[in-house]
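The values are calculated or read from the model by the stated rules, or taken from the named source; none is laboratory data. Because the structure is predicted, anything quoted here is derived from the model rather than measured. In this analysis, Cβ positions are derived from the backbone assuming ideal geometry, glycine residues included, and neighbour counts consider all displayed protein chains. Only protein heavy atoms, including side chains, enter the accessible area calculation; ligands, DNA and RNA are left aside. Shrake-Rupley method; radii C 1.70, N 1.55, O 1.52, S 1.80 Å.
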Amino acid sequence: RERALEQQNLVEEYLTKSMNYFMPANSGEAFITIEQLKYCKINEFDWEGREVYIGIDLAETDDNTAVSMLTYDEETGKIVGMSWAFIPKERVEIKSKKEDVDYREQIEKKNCYACGDDVIDYEFVENFILNIQEEYGVEIIKLGYDRRNALSSAQKLQTKGDIECVEVIQHSRILHAPIKLLKESILNKKFNYLDNRLLEINFENARETKDTNLNKYLNKKKSKGKIDLVMSIVDALYLLQED
């Protein structure tokens, strides 16, 4: 009990194993607080000439899809990221009410794009990624993707855009390192993100858990809501860290 009072990550284990109290499904530890994250927000960044890594989290066809772009700024020693969400046009109002998120406002700010009707238009997302290099003047080094739902799109991006696409296995032993780096970078103010309320909500939703080997991972089922944008950052960060 004394250790759990001092270390937040031990609370759930203490309550379940010592007190026989089973926590609700969303009981994972908060990954990061909005207070910690807000110091990392910036309003502009010069992407011209940067080498970047792309991460994509393609959800089910009627749910959120996420794309993130990361670079390492050698001058400041910071990781800099920009993220976008994609949702079906006909589900904007439904999702806004259900998730208590003003998707209309986020679409106006170009943090989110409505594409397709009742389902995501994957071709729109693919073309968006293919245009990133010209739009921002960057060079895409690699693109990381979760095999589930994204295999076909990854093959098209590799063929059409000559982008090296790498599967990022969604397992705690693989994701532990980039998740740890992301958290430490935020806490040490070595991470910047372009102003994006939708991304902030995703970070607030994220819940961190550990596997039997104490590897950290972000559990979508235990999180409070959507964390697709965060997961796309993790996929991109895995590749950046590997290189």
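Using Cα atoms only, what is the angle between the long axis of helix 228-242 and the major principal axis of the chain, expressed in degrees (0 to 90) to the nearest 10?
80
Just the number please: accessible area per residue for the chain, 1.4 Å probe, all protein chains included, in Å².
On the way: 12990 Å² over 243 residues.
Heavy-atom accessible area per residue stands at 53 Å².
Rounded to whole Hz and in sequence order, give me ³J(HN,Hα) for the range 66-78 from the Karplus expression 6.51 cos²θ - 1.76 cosθ + 1.60, θ = phi - 60°, writing x for Gly and Pro.
My calculation for the range 66-78 gives 10, 9, 10, 10, 10, 9, 9, 8, 5, 5, 9, x, 10 Hz in order.
Over the heavy atoms of K216, what accessible area does a 1.4 Å probe trace out, to the nearest 10 Å²?
50
Pick out, in residue order, every one of the GluC sites (Glu not before Pro) in the range 65-97 that is DSSP loop and has at most 16 other C-beta atoms within 10 Å; say none if there are none. It would help to have the intermediate numbers written out before the result.
On the way: sites: E74, E75, E90, E93; in loops: E74, E75.
In loop regions of the range 65-97 (DSSP not H, G, I, E or B), the sparsely surrounded GluC sites (Glu not before Pro) are E74, E75.
Could you give the nm distance between label points at N20 and T33, where each point is 7 Å from its Cα heading toward the beta carbon?
Computed distance between label sites N20 and T33 equals 3.4 nm.
What residue among I87, I54, I42 shows peak mean-square fluctuation when the chain is described by a Gaussian network model with Cα springs under 10 Å?
Looking only at I87, I54, I42, the largest GNM fluctuation is found for I42.
Can you list residues from other chains, or at least 5 along the same chain, whose modelled amide H is less than 5 Å from the amide H of Y113?
HN-HN under 5 Å from Y113: A85, F86, I87.
Each residue of the range 134-149 in turn: what ³J(HN,Hα) in whole Hz from Karplus with 6.51, -1.76, 1.60 and θ = phi - 60°, glycine and Pro shown as x?
So the Karplus estimates, Gly and Pro as x, are 6, 4, 10, x, 10, 10, 7, 7, 8, 10, x, 9, 8, 3, 5, 6 Hz.
Just the Kirkwood number for the chain, please: inverse of mean 1/r across all distinct Cα pairs, in Å, one decimal. Walk me through the numbers on the way to the answer.
On the way: mean 1/r = 0.0539 Å⁻¹.
Evaluated on the chain, it is 18.6 Å.
Taking every DSSP beta bridge with both residues inside the chain, roughly what % is antiparallel (nearest 5)? Could the numbers behind the result be given before it?
On the way: 19 of 36 bridges.
Percentage antiparallel, nearest 5: 55.
For the range 40-51, in order, what is each residue's ³J(HN,Hα) by Karplus, 6.51 cos²θ - 1.76 cosθ + 1.60 with θ = phi - 60°, in whole Hz (x at glycine and Pro)?
The phi angles translate into 9, 6, 10, 9, 7, 7, 8, 7, 3, x, 7, 8 Hz.
Which residue, M82, L218, M69, has the largest displacement toward the positive end of the dipole of the chain when charges sit on each Cβ (Lys, Arg +1; Asp, Glu -1)?
L218
Which order do T65, T212 take by accessible area at a 1.4 Å probe, largest first? Don't jump to the answer; show the numbers that get you there.
Numbers: T65 0, T212 135 Å².
These residues rank, largest area first, as T212, T65.
At a 1.4 Å probe, what is the % contribution of carbon and sulfur to the accessible area of the chain? List each step's numbers first, then the result.
Working: 5660 of 12990 Å².
Carbon-and-sulfur percentage of accessible area, whole number: 44.
On alpha-carbon atoms, Rg over Rh for the range 192-243 using Kirkwood Rh? Mind dumping the intermediate values first?
Values: Rg = 12.0 Å, Rh = 12.0 Å.
Radius of gyration relative to Kirkwood radius: 1.01.
Long-range amide H contacts for K78: which residues qualify at under 5 Å (H placed 1.01 Å from N, peptide plane, sequence gap of 5 or more or a different chain)?
Answer set, sorted by chain and number: D73.
Provide the percentage of antiparallel DSSP beta bridges, counting only those with both residues in the range 38-128; round to the nearest 5.
Working: 14 of 17 bridges.
Among the beta bridges of the range 38-128, antiparallel pairing accounts for roughly 80 percent.
Could you give the nm distance between label points at E184 and H171, where each point is 7 Å from its Cα heading toward the beta carbon?
2.3
Of V138, V166, V11, which is the most mobile in a GNM of the chain whose springs link Cα atoms less than 10 angstrom apart?
Comparing V138, V166, V11 in a Gaussian network model of the chain, the most mobile one is V11.
Treating only the Cβ of Lys, Arg, Asp and Glu as charged (+1, +1, -1, -1), what charge dipole size does the chain show about its Cα centre? Round to the nearest 20 debye. Don't jump to the answer; show the numbers that get you there.
Working: 34 positive and 46 negative charges, 233 e Å.
In debye, rounded to 20, the chain gives about 1120.
Round to the nearest 10 and report in Å² the accessible area of R104, as given by a 1.4 Å probe over the protein chains' heavy atoms.
Ignoring ligands and nucleic acids, R104 comes out at about 120 Å².
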